[in-house]
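Student: Structure below; questions to follow.
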Amino acid sequence: MRDENGKVEFLQGNEACAEGAIAAGCRFFAGYPITPSTEIAERMSARLPEVGGVYVQMEDEIASLAAVIGASWAGVKAMTATSGPGFSLMQEHMGYAVMTETPCVVVNIQRGGPSTGQPTKASQGDVMQARWGSHGDYEVVALSPYDVQEMFDLTVECFNWAETLRVPAVLLADEVVGHMRERVVLREDVETVDRELPPEGEEVERPFPLEPDDLVPPMPVFGRGHRVHVTGLTHDERGYPCTDDPEVHRKLVRRLCNKVRKRAGEIHESVGYDFIERDSDIALVAYGGCARTVLEAAEEAGVTVFRPKVIHPFDEGLVRRLLDGYEVLVVEMNLGQYYEMVKMALDPDCVHLLGYPGGYPPTPERVVEEVERLGG
Amino acid sequence: MDVEDVLRMDRWPHILCPGCGNGTILNVLARELAERFENGDLDPDKTVLVSGIGCSSRLPGYFRLDSLHTTHGRPLAFATGLKTANPDLEVIVITGDGDAAAIGGNHLIHAARRNLDVTVICANNYIYGMTGGQVSPTTPEGDVSTTTPYGNPEPPFDLCELVMGAGAPHVERWTTAHPVQLKAAIGRALDREGFSFIDVLSQCPTNYGRRNGFRDAREMVEWLRENTSTRDEEGKIRIGILRDEEREPFHARIRKVLEKAGGDGD
Amino acid sequence: MRIKEEFCKGCFLCVWVCPVDALDESDRRNEKGYRLPEQVGRCTGCRQCEMICPDVAIEVVEADEG
């Protein structure tokens with residue numbers, strides 16, 4: 001079946017994610033089996049060879065993200081997919097991708113944690129880990145899809161922002177959206193972004209400029225005469241290790257953070273969000289699989305609801321503009337992670353939490369009950 | 001092409017200690033590459049160096065080539081992505097005994113099993129030099145390090161046996177006391193398709209030698225020359241070509257998968 | 001033979017490897033204080049010193065070049 005935008009299929013969220021990756025131009029996937037993300041690897045292993053791409057099942061998740069970063073330096077759009085324990089193993093390489101400014105996409109189909117937790121049950125327990133899991137100061141892009149169509153669409157967005165900003169982008173999905181089946185349009189009109197390249201065959205003298213107006217420098221490709229040295233050590237403009245000058249480190253880390261932070265508003269506007277305003281004193285906030293019941297509950301209770309798709313970078317200004325003056329109830333499948341960020345943006349006394357640390361989202365009835373308890 | 005054309009001489013002198021075996025490895029690799037670039041056997045624009053963490057892993061940054069200085073133990077995993085995403089690249093991995101055999105041991109055996117087409121040069125100096133001289137998986141039993149003050153109670157790995165067991169088709173062992181032979185070995189490794197592994201017994205005078213009865217780098221290379229042999233000799237470490245076979249490399253097998261799936265573009 | 005003195009760290013592996021004892025330790029030091037090797041005998045051009053030097057500080061040249 002087709003509609004005007006592309007092929008219409010009835011797919012699982014994980015399968016739609018793989019199709020989104022292919023549509024975005026992903027031609028390399030390295031991964032390691034882990035519930036509840038494995039279907040992404042399975043679909044990529046079937047689909048990539050059809051379009052001339054490479055699939056490798058690595059020996060662990062550490063190696064998976066390493067191979068993805070290697071492929072990205074070969075000039076290929078690359079992705080891996082995992083869940084909690086694998087995402088934990090990937091953290092060192094999240095930091096490496098940030099430091100070396102390597103565009104790549106990491107899909108995390110969140111499951112119950114900590115540790116092995118509940119592999120087949122959903123959670124949103126990795127919201128903070130996506131942002132703070134590796135050591136040092138850094139920023140990434142993390143997007144949270146709430147249905148199968150968004151598993152496709154936001155995977156494309158992850159690639160586009162990874163390429164635009166030269167950062168790892170995380171598709172911060174959960175078992176609910178990863179495993180559900182819905183109608184999805186495999187859009188053929190997707191807009192894709194490719195990283196800016198330096199001229200071919202020319203040595204790049206300053207691959208990592210420190211100046212603020214060069215927040216995202218063009219990315220050299222190995223094998224094209226750019227002759228670039230890439231290191232996870234603090235490096236100067238030439239890419240050479242610089243381990244003893246704190247000023248170089250400060251400038252580099254500031255640029256790495258600012259190139260994402262300064263575009264937080266633009267990222268939110270471009271990826272989009274749902275804001276359904278109703279005549280109410282209470283506003284609900286939810287994202288990802290959890291938002292499905294919360295949107296329904298908001299309608300039932302007649303209250304305003306905000307559903308961000310961009311989890312990181314957090315846009316304080318947007319949250320303040322939309323939610324200032326409300327009694328805000330954040331509903332999420334953890335014990336309060338996005339909640340902490342919302343509290344920092346608003347009067348903390350006006351921000352409340354309905355936290356379900358995994359398993360499944362609260363029912364609409366349970367959310368309505370909580371709204372009523374708050375006086376809505 | 002001169003050796004200095006291959007190196008980033010603006011970074012000289014390098015950070016390695018006086019008499020460091022890694023310097024000799026850097027030197028002969030640079031000379032072998034310079035010759036190959038000169039006679040057209042190898043394209044410098046397609047030659048890529050990848051390393052992990054440690055003293056030896058600093059070498060790629062001194063070459064005027066594309067180079068990826070990665071995380072501790074993982075250079076072969078990064079190299080897997082580089083090489084399979086672009087099989088036209090000539091990928092050389094520089095690693096050490098701690099990098100390759102401890103934290104990166106899993107990647108080492110799997111890269112060998114897959115027969116990833118890379119040349120691995122392992123600077124095996126029996127010690128964690130960068131962090132000040134801790135015991136490594138190749139430190140001989142009984143030797144003293146900062147974390148084995150009573151002598152190393154563990155038996156060491158034989159890295160060549162390890163990678164041969166995992167399927168590596170081309171394996172050689174040399175030492176920094178054999179620069180001429182080492183250069184030739186690197187040349188053979190570059191010629192071979194598939195996983196080539198060169199175990200280079202090397203000296204760390206600063207953090208291994210001085211704690212184990214060697215006064216300087218000269219005494220250490222002297223020991224390496226006297227205690228190794230290209231024949232099986234009682235009491236000596238076997239050096240030379242330990243295996244030289246042909247096996248289909250990983251990227252060729254991936255190519256066959258693409259052909260089956262119809263994505264090979266032909 | 002040319003020794004790039006500014007790169008030498010005085011390890012004397014060149015002295016050790018030379019099969020004809022054409023090199024020896026000298027008392028001269030470079031700016032960093034490392035003692036330098038010197039040529040004391042006839043070089044046969046085997047280039048082993050050039051290759052073993054960890055600092056890439058030795059260049060073996062034809063006699064008529066310098």
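Student: What net charge do the residues around A:Asp349 carry, taking every other residue with its C-beta under 12 Å from that of A:Asp349, with Lys and Arg at +1 and Asp and Glu at -1? Show your work: numbers first, answer last.
Tutor: Values: positive: A:Lys343; negative: A:Glu327, A:Asp347.
With Lys, Arg at +1 and Asp, Glu at -1, the net is -1.
Student: What ³J(HN,Hα) values, in whole Hz, does the Karplus curve 6.51 cos²θ - 1.76 cosθ + 1.60 give for region B:71-86 when θ = phi - 60°, with x put for Gly and Pro?
Tutor: 9, 5, x, 10, x, 5, 5, 4, 4, 4, x, 4, 6, 6, 6, 9
Student: Enumerate by residue number the GluC sites (Glu not before Pro) in region A:1-80 meeting two conditions: DSSP loop (anything except H, G, I, E, B), and at most 10 other Cβ atoms within 10 Å of the site's Cβ. Display every interim value, and only then the final one.
Tutor: Working: sites: A:Glu4, A:Glu9, A:Glu15, A:Glu19, A:Glu39, A:Glu42, A:Glu50, A:Glu59, A:Glu61; in loops: A:Glu4, A:Glu59.
Sparse-neighbourhood loop GluC sites (Glu not before Pro): A:Glu4.
Student: If you wrap a convex hull around the alpha carbons of region A:278-334, what volume per residue comes out, as a whole number of Å³? Write down the numbers at each step before the final one.
Tutor: Details: hull volume 4.5 nm³, N = 57.
Convex hull volume per residue, Cα atoms: 78 Å³.
Student: Still on this structure, please answer the following. Scaled to the compact-protein estimate 2.2 N^0.38 Å, what is the alpha-carbon radius of gyration of region B:1-128, rounded to two decimal places? Can you show the working numbers first?
Tutor: Numbers: Rg = 14.0 Å, N = 128, 2.2 N^0.38 = 13.9 Å.
That ratio works out to 1.01.
Student: Next question, about the same structure. Assuming a viscosity of 0.692 mPa s and a temperature of 37 °C, what translational diffusion coefficient in µm² per second does Stokes-Einstein assign to region A:212-262, Rh being the Kirkwood radius over Cα pairs? Mind dumping the intermediate values first?
Tutor: Working: Rh = 12.1 Å.
In µm²/s, the coefficient is 272.
Student: Let me ask something additional. What residues qualify as long-range amide H neighbours of B:Arg247, i.e. H under 5 Å apart, gap of 5 or more or another chain, H built at 1.01 Å from N?
Tutor: Amide H to amide H, under 5 Å and 5 or more residues apart or across chains, B:Arg247 pairs with nothing.
Student: Report the equivalent ellipsoid semi-axes for region A:267-376 in whole Å, largest first, defined as the square roots of five times the eigenvalues of the gyration tensor built from alpha carbon atoms. Don't skip to the answer; put the middle values down first.
Tutor: On the way: eigenvalues 69, 48, 37 Å².
Taking √(5λ) for each eigenvalue gives 19, 16, 14 Å, largest first.
Student: Applying the Karplus parametrisation 6.51 cos²θ - 1.76 cosθ + 1.60 with θ = phi - 60° to the phi angles of region B:23-40, what ³J(HN,Hα) value in whole Hz is obtained for each residue in order, glycine and proline being reported as x?
Tutor: Once rounded to whole Hz, the list reads x, 5, 5, 4, 4, 5, 5, 4, 5, 5, 5, 4, 4, 5, 5, 4, 8, x.
Student: So, one more: Return an integer: the convex hull volume of the alpha-carbon atoms of the protein assembly as shown, in Å³ per residue. Don't skip to the end; give the middle numbers.
Tutor: On the way: hull volume 122.8 nm³, N = 708.
Here the figure is 173 Å³ per residue.
Student: Something else now. Across peptide C:5-18, what mean number of C-beta atoms from other chains lies inside 10 Å of a residue's C-beta? Please report the intermediate quantities before stating the final value.
Tutor: Details: counts 0, 2, 4, 2, 9, 3, 12, 5, 15, 1, 1, 10, 8, 0.
Averaged over the peptide's residues, the number is 5.
Student: Counting other Cβ atoms within 10 Å, which trypsin sites (Lys or Arg not before Pro) in region A:214-279 have at most 14 and lie in a DSSP loop? Kindly include the intermediate steps, with their values, before the conclusion.
Tutor: Numbers: sites: A:Arg224, A:Arg227, A:Arg238, A:Arg250, A:Lys251, A:Arg254, A:Arg255, A:Lys259, A:Arg261, A:Lys262, A:Arg263, A:Arg278; in loops: A:Arg224, A:Arg227, A:Arg238, A:Lys262, A:Arg263, A:Arg278.
Qualifying residues, ordered by number: A:Lys262, A:Arg278.
Student: Then there is this: Looking only at trypsin sites (Lys or Arg not before Pro) in DSSP loops with at most 16 other Cβ atoms within 10 Å, what is the longest site-free stretch of chain B?
Tutor: Details: sites that count: B:Arg215, B:Arg231, B:Lys236, B:Arg247.
It runs B:1-214.
Student: What number do you get for region B:109-266 when its Cα radius of gyration is normalised by 2.2 N^0.38 Å, N = residues?
Tutor: Details: Rg = 18.5 Å, N = 158, 2.2 N^0.38 = 15.1 Å.
So the Cα radius of gyration is 1.23 times the expected 2.2 N^0.38 Å.
Student: Which whole number gives the average count of other chain Cβ atoms within 10 Å of the Cβ atoms across peptide A:91-99? Walk me through the numbers before you get to the answer.
Tutor: Numbers: counts 0, 4, 5, 0, 1, 4, 0, 0, 1.
Taking all residues of A:91-99 together, the mean is 2.
Student: Could you tell me which chymotrypsin sites (Phe, Trp or Tyr not before Pro) in region B:75-179 are loop residues by DSSP with no more than 11 other beta carbons within 10 angstrom of their beta carbon? Before the final figure, lay out the partial values.
Tutor: Details: sites: B:Phe78, B:Tyr126, B:Tyr128, B:Tyr150, B:Phe157, B:Trp174; in loops: B:Tyr126, B:Tyr150, B:Phe157.
For chymotrypsin sites (Phe, Trp or Tyr not before Pro) across region B:75-179 that sit outside H, G, I, E and B with at most 11 neighbouring Cβ atoms in 10 Å, the list reads B:Tyr150.
Student: If you wrap a convex hull around the Cα atoms of chain A, how much volume per residue is inside, in Å³? Working shown, then result.
Tutor: Numbers: hull volume 51.9 nm³, N = 376.
Per-residue hull volume (Cα only) is 138 Å³.
Student: Moving on. Cβ neighbours within 10 Å, averaged per peptide: list C:20-30, C:45-55, A:314-324 in order, most packed at the top.
Tutor: Working: C:20-30: 13.9, C:45-55: 21.9, A:314-324: 17.1.
In descending order of packing, they fall as C:45-55, A:314-324, C:20-30.
Student: Mind checking C:53-63 for the average number of partner chain beta-carbons within 10 Å of each residue's beta-carbon?
Tutor: On the way: counts 5, 16, 11, 15, 4, 1, 3, 0, 0, 0, 0.
Mean shielding count: 5.
Student: How big, on average over all directions, is the shadow cast by the Cα convex hull of chain B, in nm²? Show your work: numbers first, answer last.
Tutor: Numbers: hull surface 57.4 nm².
Result: a mean projected hull area of 14.4 nm².
Computed from the coordinates by the stated procedures, all read-outs in this text should not be read as laboratory data. What you are looking at is a predicted structure, and each value in this text was computed from that prediction instead of being measured. Virtual Cβ from ideal backbone geometry, glycine too; neighbours counted across all protein chains shown.
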